[in-house]
Amino acid sequence: MTKNIIEAMNINKIFNLGMENELHILKDMNLEIDRGSFIAIVGPSGSGKTTLLDILGCLLKPTSGEVLIDGVITNELNDNELAHIRRDKIGFVFQQYNLISSQTALENVELPMRIAGVHRKDSRRRAEKLLRTVGLGERMYHRPPHLSGGEQQRVAIARSLANRPRIIMGDEPTGNLDSKTGKDILDLLKRLNKEENYTIIVVTHDLRIKKYAKRIINLRDGRII
Amino acid sequence: MLDLAYKNIMRQRTRTILTALGILIGIGAIVALGSIAEGIDTMVQSGLELTAGKITVMEKDAGFFGVMGELTDEDMEVIEGIGGIREIVPMLFYMENMIPMQGPEWTAIGIDPSKGEYFIGENAEMEDGRMIEEGESGVVVLGYTIANRYNTEVGDFWTIKEDDFEIVGVIEKTDISDIDTSIIVDFDDLMDVTDSDTYQMIYVIPDDIKDTERIAENIEDASERLDAMTTKEMARQAGEIVDQIRIFTFAIGAIAALVGGLGVMNTMIMAVMERRREIGVMKAIGATNRMVLTQILTESALISLIGGIGGIILGVIGSFFVSSIFGGGQITAVVTPMLALTGLLFALLLGVVGGFYPARKASKLDPVEALRYE
Ligand SMILES: Nc1ncnc2c1ncn2[C@@H]1O[C@H](COP(=O)(O)OP(=O)(O)OP(=O)(O)O)[C@@H](O)[C@H]1O
Ligand SMILES: [Mg+2]
């Protein structure tokens, strides 16, 4: 087992490469993330936080450089293999929650397990357990439109844990929540980090993050400062 | 993922039902029209049973369904001159009130009573009464269907042209529509009533069944006018015609169904557009391109299958109507399992083909793009 759950070496991301509107967003970026750490990525709007997170989350390919997830070099993997990495190693939490509105909280949490081909009975039991863990034991059969923002984000966190990934990535997970609810979500992430050793990486503007994160990565003009 | 597919298509219930309806109408047309072809096939096949081991002689180019041509005693003499023949059975047909597309109201068949077995078969039993006897005049025997339809029985009279004939017997149901729907009359009687000196058909029965083909050839060699067909030859010709009818009816239905297929495509394109974000989420959390493709294809196939099953039901209902409209009761349109299966498979095909483009589009969706998109 490698020490670093994520390693990024000489990452560059250039949008519209070779065109007039070329944008060099990430510049020669190097990054090592320890297992079980709690990382916050901060920086002004447009500094490339989401882009960096998407690359670390195998949703976006860097223009150059290498990304290792749990020791696996992801550069040469095809779409299929990248999908499997996302499915098995990474849990995503989004600012807009991105739950499937036609499905109940329980079904939403089951979804990644169904994608992974987990037996229906097992996926149901685990989804129920996860929803209880995030404090939504009483809301399992509600659909997202009938849940508050904070509750929806808890469902999203439960969903991100479904396939027992090692990393949870959140792009402004508290961005749509009021201050109190945002704090609850951060507390929940902290608890998962501490008690179950999940590696947490969040992009955030939330100033309270300093109290939660072990390490803060500050982006400016495509570089870590 | 079938339950997911079902849930997804039911999110837009009305749209799904309307789309399925498009398929339903097309498959309904395939099945209903196809049932006519099957009905014609059954009728023709049962007709062929009648001619097994016989040679059917008609005037050349006399149609299968159309005008039946004219044979004379001279033609009889030509045939008599050929060796190896056991029996020659001239037959006269009289069709009452012939309506194009629907056929006649009923058909009287004139045949020498002593040779009646060659038409109705040796084992035909009487439902009631008796057969016409040799030398007997002024009597008829009815097929089962015709007796029932006109609610007549032994002792009643049947009018052909101006003359009344006493009904002396009703033949038991044979399931051969040519027999069940006919009125059997003495040959000479029917010649007199219809005032004809020609007839339409001669059955030739060979001494030895192995000589059938050879005798048929001899007859054609002996006369320019005559067309001698064995059962084999008739089966081939009839098969060709029925196949053409099958293809034709399928083509009509297929065009209707194709329009339904376009509807499926349209619906799925809309569904993929509406669910862009959701598909992006699925991919972000680990669904492969192939899974997304399968998911969308399953949905479109499901819509089509629902339409297809409805179409088969509609087709079965339609086939009853068709039976009562066409063929004057001669044709019983049937939905064979094969036909139903064809309809279902065609629906499935439309679903998969129609769903392929949107499914492919969905599978290629870039999750980052889809998630950024508000
Ligand atoms: N697909 C793309 N094509 C072109 N430019 C892009 C693309 N994606 C992102 N960008 C640009 O890259 C820059 C960084 O975007 P990114 O979303 O990473 O910023 P961010 O730090 O997350 O900002 P915010 O705090 O506002 O979310 C922006 O200027 C954005 O316009
Ligand atoms: Mg961002």
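The values are calculated or read from the model by the stated rules, or taken from the named source; none is laboratory data. This is a predicted model, so every value here is computed, not measured. Because the Cβ atoms are built from the backbone with ideal geometry, glycine has one as well, and the counts that use them run over all protein chains shown. The protein model used for the area step is the full one, side chains on, heavy atoms only, and it has no ligands, DNA or RNA in it. Shrake-Rupley method; radii C 1.70, N 1.55, O 1.52, S 1.80 Å.
The figures follow:
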read-out	value
Protection proxy ranking, peptides A:96-103, B:70-77, average beta carbon neighbours within 10 Å, highest first	A:96-103, B:70-77
Percent of Cα pairs exceeding the 17 Å cut-off, where the set is the range A:109-151	35 percent
Crossing angle, helix A:149-160 versus chain A [Cα axis fit, 0-90 degrees, rounded to tens]	80 degrees
Kirkwood-Stokes translational diffusion coefficient of the range A:1-60, alpha-carbon pairs, 10 °C, 1.306 mPa s, µm²/s	124 µm²/s
Spherically averaged projected area of the range B:15-89 from its Cα convex hull (nm²)	7.4 nm²
Peptide A:79-92, shielding by other chains (average Cβ, 10 Å cutoff)	4
Rg to Rh, two decimals, where the range A:4-224 supplies the alpha carbon set and Rh follows Kirkwood	0.97
Residues of type aspartates and glutamates that A:LYS61 reaches as a straight line, Cα spacing below 15 Å, ignoring anything fewer than 8 places off in the same chain	A:GLU7, A:ASP28, A:GLU76, A:ASP79, A:GLU81, B:ASP366, B:GLU369
Point-charge dipole on Cβ atoms (K/R +1, D/E -1) for the range A:4-224, about Cα centre, debye to 20	960 debye
Ranked packing of B:22-35, B:288-301, A:18-31, A:167-180, most packed first, by mean Cβ within 10 Å	B:22-35, B:288-301, A:167-180, A:18-31
Fraction of accessible area attributable to carbon and sulfur, the range B:307-364 (%, probe 1.4 Å)	82 percent
Over the range B:54-229: Kirkwood hydrodynamic radius from C-alpha pairwise inverse distances, Å	16.8 Å
Contact order normalised by residue count of chain B, Cα under 8 Å, 6+ apart, percent	32 percent
Ranked packing of A:197-204, B:219-226, most packed first, by mean Cβ within 10 Å	A:197-204, B:219-226
Value of [θ]222 nm, deg cm²/dmol, for chain B, DSSP H segments ≥ 4, -39500 (n - 2.57) each, nearest 500	-18500 deg cm²/dmol
Nitroxide proxy distance, nm - points 7 Å out along Cα→Cβ at A:HIS142 and B:THR198	9.1 nm
Pair B:LYS232, B:ARG11: separation of 7 Å Cα→Cβ label points (nm)	6.4 nm
Solvent-accessible area per residue for the protein assembly as shown (1.4 angstrom probe, square angstrom)	47 Å²
Pair-distance profile P(r), taking every C-alpha pair of chain B, with 10 angstrom steps and integer %	5, 19, 21, 16, 12, 10, 8, 5, 2, 0
Apportionment of accessible area to carbon and sulfur, the range B:158-208, percent (1.4 Å)	33 percent
Whichever lysines have a C-alpha closer than 22 Å to that of B:LYS54, once near sequence neighbours (fewer than 8 apart) are set aside	B:LYS115, B:LYS210, B:LYS232
Chain B: DSSP helices with Cα axial extent of at least 30 Å and average Kyte-Doolittle hydropathy no lower than 1.0	B:13-50, B:289-325, B:337-363
Antiparallel bridge percentage (DSSP; both residues within chain A; nearest 5)	50 percent
Overall dimensions of the range A:166-225 as given by Cα atoms, namely Rg and Dmax in Å	11.8, 36
FRET E, pair A:ASP34, A:SER101, Förster distance 35 Å, beta-carbon r, rounded to 0.05	0.45
Number of partner chain Cβ atoms within 10 Å, mean per residue of B:345-353	0
Descending principal axes extents, the range A:31-109, alpha-carbon based, whole Å	40, 33, 26
Förster radius 25 Å - calculated FRET efficiency between A:VAL72 and A:ARG132, Cβ distance, rounded to 0.05	0.15
Largest-first principal axis extents, alpha carbons of the range B:173-326, Å	87, 35, 28
Taking N as its residue count, the alpha carbon Rg of the range B:251-356 over 2.2 N^0.38 Å	1.40
Proximal lysines relative to A:LYS210, as straight alpha-carbon distance under 19 Å, when same-chain residues fewer than 8 apart are discounted	A:LYS49, A:LYS180, A:LYS183, A:LYS190, A:LYS194
Debye log10 I(q)/I(0) at q = 0.06 Å⁻¹ for the protein assembly as shown, Cα point scatterers	-0.55
